[in-house]
1. Quick one: how many residues across segment 1-35 are modelled with pLDDT under 90 and not basic (Lys, Arg)?
2. Pairs only if they're at least six apart or on different chains, beta carbon under 9 angstrom, first in segment 90-110 and modelled with pLDDT of 80 or more, second basic (Lys, Arg) and surrounded by 10 or more Cβ atoms within 10 Å (Cβ to Cβ); list them, first residue then second.
3. Kindly provide the set of residues from segment 48-69 that are among the β-branched types (Val, Ile, Thr) and within 26 Å of the chain's Cα centre (by Cα), ordered by number.
4. For Val69, only one of the following conditions fails: (1) on the phi < 0 side of the Ramachandran plot; (2) modelled with pLDDT of 90 or more. What is its number?
Amino acid sequence: MTAPRLDVDLVRRVAHLARLRVAEDELGGLARQLAGVLGHFEALQGVDTAGVEPLVHALDTPGAAAPDVVACGADPRGALLPLTGHAREGFFVVPRVLDADFGAPERDGG
């Protein structure tokens with residue numbers, strides 16, 4: 001069975017639709033690769049599946065669901081803070097993003 005022939009224009013269009021930037025010198029190789037993939041699908045279409053029952057799961061008896069139990073996990077802060085030099089008093093120090101202070105408004109004394 002031969003793989004379908006794809007031209008460079010079709011591959012360029014597929015790349016455009018997939019929002020892929022492909023160099024012009026790569027289009028020929030990609031056309032051959034895509035033709036090979038489509039050829040494999042064409043070969044699969046020729047397989048006789050008459051009398052084959054559809055497969056619902058890869059195993060005849062899938063495993064039982066794991067119990068839904070709350071378990072204590074690792075402390076991510078304790079594990080990650082030592083890895084950075086940008087920590088203070090148990091917190092990550094990050095650059096200030098906003099100049100405004102959105103704390104509680106100050107009240108006049110009178």
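1. Matching residues across segment 1-35 total 6.
2. Listed by first residue and then by second, the contacts come to Gly90/Arg77; Phe91/Arg77; Phe92/Arg77.
3. Val56
4. Failing condition for Val69: (2).
The values are calculated or read from the model by the stated rules, or taken from the named source; none is laboratory data. Computed from a predicted structure; not experimentally measured. Note: ideal-geometry Cβ built from the backbone for every residue, glycine included; neighbour counts use all protein chains shown.
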